[in-house]
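Trainee: There's a structure below that I have some questions on.
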Amino acid sequence: MSWSLERKLPLFVTILLVAVAITQLTIGYGEVRQASLALADKRLPLATKVLADLFQAGQGRVRITALAKDPAIAAFLRSGGSSGREAALVAMRRVTSDTATNAGLELRDFSGKLLLRTGRFSAADSVYVSPGTDSARYGPLMRRDTTLFIAIAAAVGGGEGKDAERGGGIVQQVARMNLSERTRTTLTGLAGGDVRLLLGNATGDPAPPATVLNSRTPVRYERGETMRASAAPVPGTPWMVVAELPSGVVSAPARAYLTGMAPLALLIVIVGAVIAWWGSRRMTSPLREITTAAEAIAAGNLERRVQVGRQDELGRLARSFNTMAAQVARSLQHSEAMLRGVTETAHDAIIAADTDGLIRFWNPGAERLFGYRTEEVLGKPLTMLMPERFQDAHRLGIRRYVETREARVVGRTVELAGRRKDGTEFPLELSLGAAPLEGGMSFTGVIRDITERKRTQEALQTSNAELEAFSYSVSHDLRAPLRAIHGFARILLEDHHAKLDPEAQRLLGVVDQNTRRMGQLIDDLLAFSRLGRKELAAGPVNMEELAHTVADEVRRTDVERKGSLAIQIDPLPPAHGDRALLGQVMSNLLQNAAKFTRDRAEARVEVGSQRDGGQTVYFVKDNGAGFDARYADKLFGVFQRLHSTEQFDGTGVGLAIVKRIVQRHGGRVWAEGKVDHGATFYFTLPTEEH
Amino acid sequence: MAAAVDILLVEDNANDAELTLRALKQRNLANQVFVCRDGAEALDFFFNGATPVPKVVLLDLKLPKVDGLEVLRRIKDDARTKSIPVVVLTSSREEPDIERAYTLGANSYIVKPVDFEAFARAVSDVGLYWLLLNHPPQ
């Protein structure tokens, strides 16, 4: 399925916008998530550190150290619990009443045996803390129900050396772990409300995963939910502080970003798609209009134009389209007017037909020639214009041409017969052409009435026949009396020589000479007139070889020459013509050249050729007597001579024959010359073709 | 007509006939020459009566009554006469005449020259050739 531009464009824009939105949201979400994670990872160690410091700075250690230094306590313990019990109790109660968080005090010897205790915390629950010799030490955290207790122990008297001899023991306080409201607030302010702070024993009670306890950087673990956590030991205690943040909390900003941005992106996509659809419609609707107009013009409505209401590229396109349409209409009108002008003023009939042989065009010339008006013949078969005997051949011809392109009449001019509306037949000349038209073929015929020409031709043929009969009788009947005159004059001279005086003999000699000359004239005249009737046997002719043959003949018959004769023959291109007749041309020209150079000491004759446009010009050049250029046009006339018979013999037919032969070949002949400076005879022939 | 005939000359022009005979006479060939003045006479010579067969026929083409080519055709069409050599001796050098003459079976075609010497030479050469050099079937 091929989608229109109008659909494709908005679709493309929408896809693009969706892609951009998704990319943007994905990247943004990742960035925000990464940022909150980094923030959490910064906050968590900070919180643990602060908390650890806070617990370290507890007051309990000072207090228990002070109690351990109390003389009553020391005395009681040094006595091994045997004396001073009341004084020790007093000192202990003083401490107990001082402290709200106090859960109990215990006095033990170094082996851990309980000597005296106060407070609610039961000894069984207590943990024995072995303190250092001179400082208080925290014990592990203890949980009783929901309350967390801690034990702080301090040594009284040394456990070794001189003190050991004196004896001593351990004073241990169990205190309730209690965070004041202020502390909570402070912690919350420091760590943030969403951070869960855990305090526990480093041994793992309550036990956070071991990973967090051993890691210096925040880690992730599952504890009910996915947690991000950081841990730190509380210095001086066996405790650990853990700050943990549920992953949900960490990724909350990213989710918030997503929920905030997604509708916005959707809105952008929708708005973009609508704009693209609108823009595409705005762009394609003029295109659609131009397309419709172009189709209308193609269908023949040349007046169709497009509304132009814009100044942009589409407006320019529409204007260009209108200009083009106007131009097309103008050109068409022009060429139609031209065609009409040509066909209407043509004297000949111009008829066009389609491949079914139906008439599609008919000009006034055709109306005049055939007698039918245009509306009488359009769409009718051509056969109505021809005698019945041609109709089958015509139908066959059209079919053959359409199927095989074999042209017998197409592209040629033929003579046929036509039939007028009134049924009369007349000879016509038809030039038929075929041209492709709208997928088919159009045949155009130019038809000319040749009745008059036929009549002239017939008249010409008659007169030609008469001329032929005439030349036949000239040939036959004129020569017989001539022969008689010559013969009897000779007999007179031969048989009656003795009776004739010298003058009578001279006079008979004149008769003899003139009858010979008359005989020559008749022969030449006949030769000339025969040329007009002889059919040309055309073929390729090797002009160079021909010139050599003729030149040999001329050299052989060249007599009465004083000096030398040089005939030079250049390379000559071949010609297309009648070899015998062209030989006659060459012979006449060379004989002439030989004749008119007879009194030259060094006679030179050259046969050559040159190109002139598309044709070949052959020439025969001599350095003989030449001629007066003023009479150049007379040279080729029958019996025309520019020299006296005493100077150069001849009947004056040779060049006329040359001219006739060259003209019959479709060529041209001319001469250049100057008296005593030789002559050049030129002739053109069609070059050898096919 | 019983005398033997060497040459049958068919010629309507008396001058040409005289010139021909003279040329033959100079070579001593004119003793047994028979002259017909038109085509009809020539046909009579061959086909009406038992006439000796000539060694050669010199035939002009332009003849009164029956045309020379017709005479030629009749001679060459007939089994009795078709082996007789016929030399066309005419003023015409028209190509169609020459072609038709040979088609009909002419043995030679000679154009009479206007020049008397040339004419006399041609006639006597023809006479010599056909009478002395040529060997007809017996």
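The values are calculated or read from the model by the stated rules, or taken from the named source; none is laboratory data. Given the structure is predicted, the values throughout are model-derived calculations rather than measurements. With ideal geometry, Cβ positions are generated from the backbone for all residues, glycine too; neighbour counts draw on all protein chains shown.
Trainee: A:Glu494 is checked against (1) within 20 Å of A:Ala527 (Cβ to Cβ); (2) within 14 Å of chain B (Cβ to nearest Cβ) and fails just one. What number does that condition carry?
Mentor: A:Glu494 satisfies all of (1) within 20 Å of A:Ala527 (Cβ to Cβ); (2) within 14 Å of chain B (Cβ to nearest Cβ) except (1).
A quick yes/no check of all residues on (1) of a type in the set (D, E, K, R); (2) touching an Asp or Glu at 6+ places or on another chain (Cβ under 9 Å):
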{"residue": "B:Phe46", "(1), (2)": "no, yes"}
{"residue": "B:Gly49", "(1), (2)": "no, no"}
{"residue": "B:Lys62", "(1), (2)": "yes, yes"}
{"residue": "B:Lys76", "(1), (2)": "yes, no"}
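Trainee: To continue, here is another question. Does the range A:308-321 include one or more residues that are modelled with pLDDT under 85, of a type in the set (A, V, I, L, M, F, W, C) and either in a helix (DSSP H, G or I) or surrounded by 10 or more Cβ atoms within 10 Å (Cβ to Cβ) (or both)?
Mentor: yes
Trainee: Next question. Taking the criterion of being assigned to a helix (DSSP H, G or I), touching a Phe, Trp or Tyr at 6+ places or on another chain (Cβ under 7 Å) and under 15 Å from A:Thr444 (Cα atoms), would at least one residue in the range A:360-376 satisfy it?
Mentor: Looking through the range A:360-376, none of the residues is assigned to a helix (DSSP H, G or I), touching a Phe, Trp or Tyr at 6+ places or on another chain (Cβ under 7 Å) and under 15 Å from A:Thr444 (Cα atoms).
Trainee: Turning to a different aspect of this structure: Of the numbered conditions (1) within 9 Å of chain B (Cβ to nearest Cβ); (2) in contact with a Phe, Trp or Tyr (Cβ under 8 Å, 6 or more places away or on another chain); (3) acidic (Asp, Glu), A:Asp449 fails exactly one; give the number of that condition.
Mentor: (1)
Trainee: While we're looking at this one, here's another question. If you check A:Ala575 against the conditions, is it within 20 Å of A:Leu635 (Cα to Cα), assigned by TED's automatic domain parsing to the domain that holds A:Asp676 and either at pLDDT 90 or above or touching a strand residue (DSSP E or B) at 6+ places or on another chain (Cβ under 6 Å) (or both)?
Mentor: Against the criterion (within 20 Å of A:Leu635 (Cα to Cα), assigned by TED's automatic domain parsing to the domain that holds A:Asp676 and either at pLDDT 90 or above or touching a strand residue (DSSP E or B) at 6+ places or on another chain (Cβ under 6 Å) (or both)), A:Ala575 does not qualify.
Trainee: Any residue in the range B:126-138 that is touching a residue at least 24 places away in the same chain (Cβ under 8 Å) sitting within a Cβ distance under 8 Å of a residue that is part of a helix (DSSP H, G or I)? List the pairs, counting only those 6 or more apart or interchain.
Mentor: B:Gly127/B:Ala23; B:Gly127/B:Leu24
Trainee: Return yes when A:Leu478 is crowded, with 17+ Cβ neighbours inside 10 Å, farther than 21 Å from B:Arg22 by Cα and not assigned by TED's automatic domain parsing to the domain that holds A:Leu581 and no when it is not.
Mentor: Working: crowded, with 17+ Cβ neighbours inside 10 Å: yes; farther than 21 Å from B:Arg22 by Cα: yes; not assigned by TED's automatic domain parsing to the domain that holds A:Leu581: yes.
Taking the combined requirement at face value, the residue satisfies it.
Trainee: Let me ask something else about it. Restricting attention to the range B:85-97, and to residues there that are within 9 Å of another protein chain (Cβ to nearest Cβ) and assigned to a loop (DSSP other than H, G, I, E, B), which single residue is farthest from the chain's Cα centre (by Cα)?
Mentor: B:Glu94
Trainee: Ok, one more. Any idea which residue in the range B:54-83 is surrounded by the fewest Cβ atoms within 10 Å (Cβ to Cβ), counting only those that are touching a residue at least 40 places away in the same chain (Cβ under 8 Å) and among the β-branched types (Val, Ile, Thr)? Working first, answer last.
Mentor: From the range B:54-83, those touching a residue at least 40 places away in the same chain (Cβ under 8 Å) are B:54-64, B:68, B:71, B:83; that's our starting set.
Still in the running and among the β-branched types (Val, Ile, Thr): B:56-57, B:71.
Numbers: B:Val56: 23, B:Val57: 29, B:Val71: 28.
By that ranking, first place goes to B:Val56.
Trainee: Right, here's the next one. For A:Asp570, indicate whether it is surrounded by fewer than 18 Cβ atoms within 10 Å (Cβ to Cβ), touching an Asp or Glu at 6+ places or on another chain (Cβ under 8 Å) and either assigned by TED's automatic domain parsing to the domain that holds A:His548 or not polar (S, T, N, Q) (or both).
Mentor: Judged against the criteria, A:Asp570 is a match.
Trainee: Give the residue, chosen from A:Gly608, A:Gly654, A:Gly678, that is surrounded by fewer than 18 Cβ atoms within 10 Å (Cβ to Cβ), assigned by TED's automatic domain parsing to the domain that holds A:Glu553 and of a type outside the set (Ser, Thr, Tyr).
Mentor: Just one listed residue meets the conditions, A:Gly608.
Trainee: Starting from residues that are β-branched (Val, Ile, Thr) and in contact with an Asp or Glu (Cβ under 9 Å, 6 or more places away or on another chain), keep the ones in the range A:639-672 and report whichever is farthest from A:Ser564 (Cα to Cα).
Mentor: Step one: list which residues in the range A:639-672 are β-branched (Val, Ile, Thr), which gives A:645, A:651, A:653, A:657-658, A:661-662, A:669.
Of the ones still in play, those that are also in contact with an Asp or Glu (Cβ under 9 Å, 6 or more places away or on another chain) are A:651, A:653, A:657, A:661.
On the way: A:Thr651: 25, A:Val653: 27, A:Ile657: 28, A:Ile661: 31 Å.
Here the residue is A:Ile661.
Trainee: Quick check on the range A:500-509. Is at least one of its residues among the aliphatic types (A, V, I, L, M) and facing chain B (nearest Cβ under 7 Å)?
Mentor: No, because not a single residue in the range A:500-509 is among the aliphatic types (A, V, I, L, M) and facing chain B (nearest Cβ under 7 Å).
Trainee: Let me ask something else about it. Does the range A:424-441 contain any residue that is surrounded by 17 or more Cβ atoms within 10 Å (Cβ to Cβ), assigned by TED's automatic domain parsing to the domain that holds A:Met518, touching a Leu at 6+ places or on another chain (Cβ under 9 Å) and not basic (Lys, Arg)?
Mentor: Within the range A:424-441, not a single residue is surrounded by 17 or more Cβ atoms within 10 Å (Cβ to Cβ), assigned by TED's automatic domain parsing to the domain that holds A:Met518, touching a Leu at 6+ places or on another chain (Cβ under 9 Å) and not basic (Lys, Arg).
Trainee: Here's a follow-up. Within the range B:106-136, track down each residue that is within 11 Å of chain A (Cβ to nearest Cβ) and either more than 13 Å from the chain's Cα centre (by Cα) or among the basic types (Lys, Arg) (or both).
Mentor: Residues satisfying the conditions are B:Lys112, B:Pro113, B:Val114, B:Asp115, B:Phe116, B:Glu117, B:Ala118, B:Phe119, B:Ala120.
Trainee: Please go through the range B:1-50 and give me each residue that is within 14 Å of another protein chain (Cβ to nearest Cβ) and either of a type in the set (Val, Ile, Thr) or more than 22 Å from B:Leu61 (Cβ to Cβ) (or both), ordered by number.
Mentor: B:Thr20, B:Lys25, B:Gln26
Trainee: If we scan the range A:643-650, do we find a residue that is crowded, with 20+ Cβ neighbours inside 10 Å and at negative phi? Step through it out loud before you land on a result.
Mentor: So in the range A:643-650, the residues crowded, with 20+ Cβ neighbours inside 10 Å come out as none.
Looking through the range A:643-650, none of the residues is crowded, with 20+ Cβ neighbours inside 10 Å and at negative phi.
Trainee: So, one more: Could you list, in sequence order, the residues of the range A:515-539 that are surrounded by 13 or more Cβ atoms within 10 Å (Cβ to Cβ), within 60 Å of the chain's Cα centre (by Cα) and not hydrophobic (A, V, I, L, M, F, W, C)?
Mentor: Correct list: empty.
Trainee: Next question. When you look at B:Arg100, is it touching a residue at least 12 places away in the same chain (Cβ under 8 Å) and within 14 Å of chain A (Cβ to nearest Cβ), yes or no?
Mentor: Values: touching a residue at least 12 places away in the same chain (Cβ under 8 Å): yes; within 14 Å of chain A (Cβ to nearest Cβ): yes.
Considered against the rule, which asks whether it is touching a residue at least 12 places away in the same chain (Cβ under 8 Å) and within 14 Å of chain A (Cβ to nearest Cβ), B:Arg100 comes out as yes.
Trainee: While we're here: Any idea which of (1) surrounded by 21 or more Cβ atoms within 10 Å (Cβ to Cβ); (2) without any contact (Cβ under 8 Å) to a residue 12 or more places away in the chain; (3) not basic (Lys, Arg) is the one A:Gly673 doesn't satisfy?
Mentor: (2)
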